[in-house]
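Following: one structure in structure tokens, then a few remarks.
The values are calculated or read from the model by the stated rules, or taken from the named source; none is laboratory data. Nothing here was measured: the structure is a model prediction, and the numbers come from that model. No Cβ is skipped: glycine too gets one built from the backbone with ideal geometry, and neighbour counts run over all protein chains shown.
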């Protein structure tokens, strides 16, 4: 994530300005490999390292939680320029400020836990 | 990548406050291992495998950002104006980082996944909910960058 620059605030900004193929290339190539991998697992009924069948549990059906949650996540992704993975990558890289973002993300998760039953899903 | 946030909250006794956190966190230990790996990977990538850290973004993006006040555009990995050690003493950047974090955590758990869970894994499994979430990511991100950034910065 660090070397692909997907953890760079600048690349996220550039992506939302549609001024480079960079981020779309990263996500797109991961997606193409992912689709091939999932199909291979399903068609060949592959087993995991521990010998158990690999099951992919689909997300629950619904619209609102994905749309509203997605929009809120997108606002944060663009503002802080990091999604949950890169927060940790950047902490490892030595950017202390990301601890503030992580504290915020934990707080946000906690708030969601408190409000979960009152939100449309 | 965002399920670890729920696990960490549970480890901080959030299960006493909301049912959402009342689950067997040991069954989700894998996501803490992934976090550990991401931290180590970040350290190796930045300190052992990199020569300088500037990110060669599009020159048009650089001039957009300079107009917004980001002089470090094109010269560093993250904007110094928000992420440098000195910026931590600036209330405005602290608030931006914290609010950004809250939106990331709240949104990712509300949508039950983030970029890795929906845009990559979810779409790989051809799931409709993930497509809806990814459309949401872009609605939120485009709104932030195009309409809110000029107001914030």
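A few points about this structure:
- Checklist (1) farther than 30 Å from residue B:54 by Cα; (2) under 19 Å from the mean Cα position of the chain (by Cα); (3) at pLDDT 95 or above applied to residue A:57, failing item: (3)
- Any chance residue A:67 is more than 30 Å from residue A:8 (Cα to Cα) and either facing chain B (nearest Cβ under 7 Å) or assigned to a helix (DSSP H, G or I) (or both): no
- Just one of the listed residues (B:58, B:51, B:31) is out of contact with any helix residue (DSSP H, G or I) (no Cβ under 7 Å at 6 or more places or on another chain) and either at pLDDT 95 or above or more than 7 Å from chain A (Cβ to nearest Cβ) (or both), namely B:51.
- Tally of residues being more than 7 Å from chain B (Cβ to nearest Cβ) and either at pLDDT below 95 or surrounded by 24 or more Cβ atoms within 10 Å (Cβ to Cβ) (or both) across segment A:88-111: 1
- Residue in segment B:78-88 that is under 17 Å from residue B:2 (Cβ atoms), at the interface with chain A (Cβ under 7 Å from one of its Cβ atoms) and crowded, with 20+ Cβ neighbours inside 10 Å present: no
- Restricting segment A:16-48 to residues that are at the interface with another protein chain (Cβ under 9 Å from one of its Cβ atoms) and within 15 Å of the chain's Cα centre (by Cα), the residue that is nearest to residue B:57 (Cα to Cα) is A:27.
- Breaking point among (1) surrounded by fewer than 22 Cβ atoms within 10 Å (Cβ to Cβ); (2) more than 15 Å from the chain's Cα centre (by Cα); (3) at the interface with another protein chain (Cβ under 7 Å from one of its Cβ atoms); (4) within 24 Å of residue A:90 (Cβ to Cβ), for residue B:138: (2)
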